[in-house]
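The structure under discussion appears below in the form of structure tokens.
Just so you know, all these numbers are worked out from the coordinates, no wet-lab data involved. Since the structure is predicted, the reported quantities are computational estimates derived from the model, not experimental observations.
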Amino acid sequence: MNKVIRLQKIFQQVLLDESQHRNSRSTFIEGEIEWIVKEREAMFKTLLAERAKLGKGPVPLAALMQVERLATGHVDYADKFALGCAELVLGE
């Protein structure tokens, strides 16, 4: 399986797993709904872990947030966000 597709599937699963908790995460954290913050944190943790497996250093949270912003508002948000994260894992 292609590396990008394999990683995209990992990130899609992270989003799916985290989305199961949305109903219980309705408070606000620094102006954002809690479930958004928690999903972002899970994606970032996975991003860093996958980069570490490849011997790569961390990327800033801002890089993940840019990928997230690019996906926001699209009907295929989860796919775009997961793909962007996969590309961050493989990028330098």
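Quick look at the numbers
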| quantity | calculated |
| --- | --- |
| Share of Cα-Cα pairs in segment 1-49 lying beyond 12 Å, as whole percent | 64 |
| Under 21 Å from Lys56, Cα to Cα: lysines that are on another chain or at least 8 residues apart | Lys3, Lys9, Lys45 |
| Most fluctuating residue given options Glu18, Glu30, Glu41, as computed from a GNM of the chain linking Cα atoms under 10 Å | Glu30 |
| Three principal axis lengths of the chain [C-alpha, angstrom, descending] | 36, 24, 21 |
| Value at 222 nm in deg cm²/dmol, rounded to 500, when DSSP H runs of n ≥ 4 in the chain each add -39,500 (n - 2.57) | -22000 deg cm²/dmol |
| At 1.002 mPa s and 20 °C, Stokes D of segment 49-92 from Kirkwood alpha-carbon radius, µm² per second | 199 |
| Under the span-like rule (Cα at least 27 Å along the axis, Kyte-Doolittle mean at least -1.0), DSSP H helices of the chain | 34-53 |
| Relative contact order computed over segment 1-66 (Cα-Cα under 8 Å; 6+ residues apart), in percent | 25 |
